[in-house]
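**Student:** To start, I am sharing the structure in question, which I have written as structure tokens.
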Amino acid sequence: MRKSKTGNSPSRELEDPRRELAYLRRLSEQTIAKMLQLDTQSISIRHELEQKRRGFKLMAELAASLGEHADHDSLFIAVSRRLNAALGMQRTVVLMPEPGGLFRPAVLQGYPSGEDAALAACRLEIPPEFLVPDKAVLITGADPAERFAPLRAALGLPFLIASPVFFQGDIAAVLITGRLLEQQPYLPPLGRSDMETVQTVSSHLATLLAGSILAEDERRIKVMLDATPLCCNFWDERHNNIDCNEAAPRLFGLSGKAEYLEKFYDLSPERQPCGGSSAELAVAKIREAFHEGYCRFEWMHRKLNGEPLPAEVTLVRVKWGAGHIVLGYTRDLREQKAMLAAMEKTQNELRAARDASERHARAKSEFLANMSHEIRTPLNAVLGMIHLLGGTGVTEKQRDYLEQAGHSANLLLRVISDILDFSSLDAGKARMEVAEFSLGAMMRNVHDIARGEAEAKSLHLDCGIDDVAVDALMGDALRLEQILLNFTNNAVKFTPPGGNVSIRVRQQAIASGKAKLRFEVRDTGIGMTPEQAAKVFSPFSQADSSATRRYGGTGIGLTVNRLLVELMGGEISCVSREGEGSCFAFVLELPLAEPTQDAPPATEDDADALRGLRVLLAEDNEVNQMIAEELLAARGIVVRTVGTGREALDALAEESFDLVLMDIQMPEMDGLTAAMCIRSDASLKGLPVIAMTAHATNADRETSLSHGMDDHITKPIDPYLLYSVLRRWDSRPKA
């Protein structure tokens, strides 16, 4: 039996509508939640679309305007302004790297006055995350407050986007932009789209930096090319002149580059000075530069008005894109050619002046030599006769007359010698001989020669050498004798009768095969004031130059000494006290020589030292023959006299001699030719031949020695010097 519906309770009947209502409520809540979710997503999408729109707008602005900025600062400032405007940023900072890894704020946008100045002075440490290439960093409210807190506080940006800018692999800058509040009215919060936009801006900024640097390099190169004074051309591989600098048309007086490039081949003559075609040679040189990489040559250009323009062209191959070009540099040689022509003209004039000067010097030297020869020949007779006459029975008064005449003749001889020596030294023609000599023998010669005048004035002459001094040396012994005799003669001249003259040699040191010697001549003469001593070695200087001076002289003897000492590499000095005497000294370093076995020194008292010596005298002057014969006979020397070089050779063929005294200037055959003939005869090997001549210059001495003479004595003949030389070359066995 079916139950009746009316049997159900009312509560059960209400339960179904409640279920339906709960279901509908749940369904409504779910629908509203989905609608809210969709609305939120829609807002986020709108925000992202707005961010991308702002990013696209920013990139469009940057692409349209930033290309015109050439330098870094302009680029960074423009980017900072547009970031603030386009993305709704409040502050933008561009940080530049500094040495030591720190960064300085180079561009500050949106900072109040005062705060920007303080921040610009800071040096900031950047976290490594900010320096990863192609990666931006976003800091939002979701990040902890302590994340990069020091940097956020220093920049005053709690919410920011940072992106590095790299250039050629190195960090060029860090671009940081952001807000004080994460979300401002009518602006979405910072998001990934903003971060991507900033990162894209950084990449675009790196590209702009490269472009600006390239453009700057191009401008710099153009400025340098246009500023260089050399004409510069660019040649392609088809030998076309494709460009030039501003100096090119300026060199040829043309209006500009276009006219220069158009008329380039009209700026050379048809043929070069070598005869080759200009067009063919130009192509050949450019081809050579492309092949070899470099070539340089002279080229004759020509202006349009026909004016020649000599030039030097340098062609250099350089890399250009995928291929090469040749740079041609043209240097104007007109000024250089004019200078060379002027220099050549000046050199020709100088050569002509030099030749004239040399001719004048030769003429002067020849005149002095001839004058010396012409004076010395009769002077030899004068001094020889005086010496011979003094050996006869003359009265005391007559002897006094002879001594005065001899003294005057010797003074004249010294004047002539000083003039010749000074002329030779002043012209730089004097040469030092380097030969082995004995210091003791040289000092004995000086003593023997100076003793005569010293005794004539009743002076005490002392000549000595330190016991420790070396004897065997290398140098010019005759020049040393000349210097010492010049000092000694002066000392004798300026020392009153009864005074002392001392000639000393002291060894100061010996090392490295050289002996350092000090030569000095002291006297007890009239002396000099300090002012007089200071200029005593100057040419033509006299201690007493007044018209009433008591002593004669040319004033060049001491100058000759100074020049000789300096030529030997030594130092000369003078110490003098007025009324007390003088000391003239010089210091030389002379090489050591192997010691030789000297013959026992002969003295003036050993009058028989030369007795029996057989001498051949070749002399054409009868007076000089007589004087020489008398001087030689006085020492027991056996003499045969001939008048020409030919007669000397005949005499040597007839008999033997121990020594030959040979005049230079003789008829038929001169002494030089005769000496050469003697040296060519093997039977006469070792026969000493001594020139005895009025030719008295250094060149004359060198000529004598080069023609086979062993020694050289000048006229007038000093008897003591003659005897000293004869003893030196006397090779007879000693008893």
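The values are calculated or read from the model by the stated rules, or taken from the named source; none is laboratory data. Because the structure is a prediction, the values reported are computed rather than measured. Here the Cβ positions follow ideal geometry from the backbone for every residue, glycine too, while neighbour counts run over all protein chains shown.
**Student:** Restricting to the stretch 452-480, what's the tally of residues that are modelled with pLDDT of 85 or more, outside any loop (DSSP other than H, G, I, E, B), surrounded by fewer than 19 Cβ atoms within 10 Å (Cβ to Cβ) and of a type outside the set (A, V, I, L, M, F, W, C)?
**Tutor:** 4
**Student:** Turning to a different aspect of this structure: Any idea how many residues of the stretch 273-311 are within 24 Å of Glu262 (Cβ to Cβ), in contact with a strand residue (DSSP E or B) (Cβ under 9 Å, 6 or more places away or on another chain) and of a type in the set (Asp, Glu)?
**Tutor:** In the first step, residues of the stretch 273-311 are kept if they are within 24 Å of Glu262 (Cβ to Cβ); the result is 277-287, 289-290, 299-311.
Within this subset, residues satisfying the condition of being in contact with a strand residue (DSSP E or B) (Cβ under 9 Å, 6 or more places away or on another chain) are 277-278, 281-282, 285-286, 289-290, 299-303, 308-311.
Then drop every residue that is not of a type in the set (Asp, Glu), which leaves none.
Selection size over the stretch 273-311: 0.
**Student:** Determine the pairs where a residue that is on the phi > 0 side of the Ramachandran plot, located within the stretch 619-643, has a partner that is not β-branched (Val, Ile, Thr) with Cβ atoms under 9 Å apart, the partner being 6 or more residues away or on another chain.
**Tutor:** The qualifying pairs are Gly636/Ala607; Gly636/Asp608; Gly636/Leu610; Gly636/Arg611; Gly636/Gly612; Gly636/Leu613.
**Student:** Can Ser538 be described as in a loop (DSSP other than H, G, I, E, B), at pLDDT below 85 and loosely packed, with under 12 Cβ neighbours inside 10 Å?
**Tutor:** No, not satisfied.
**Student:** Continuing with this model, one more query. With the requirement that a residue be free of Cβ contacts under 8 Å to residues at least 40 places away in the same chain, of a type outside the set (S, T, N, Q) and surrounded by fewer than 18 Cβ atoms within 10 Å (Cβ to Cβ), what does the stretch 228-245 give you?
**Tutor:** Residues satisfying the conditions are Pro229, Arg238, Asp243.
**Student:** Restricting attention to the stretch 423-447, which residues are in contact with a strand residue (DSSP E or B) (Cβ under 9 Å, 6 or more places away or on another chain) and either closer than 19 Å to Pro497 by Cα or modelled with pLDDT under 85 (or both)?
**Tutor:** Met432, Glu433, Val434, Ala435, His447
**Student:** While we're here: Tell me, yes or no, whether the stretch 691-708 has at least one residue that is in contact with a helix residue (DSSP H, G or I) (Cβ under 6 Å, 6 or more places away or on another chain), closer than 26 Å to Asp608 by Cα and of a type outside the set (Ser, Thr, Tyr).
**Tutor:** Within the stretch 691-708, one or more residues are in contact with a helix residue (DSSP H, G or I) (Cβ under 6 Å, 6 or more places away or on another chain), closer than 26 Å to Asp608 by Cα and of a type outside the set (Ser, Thr, Tyr).
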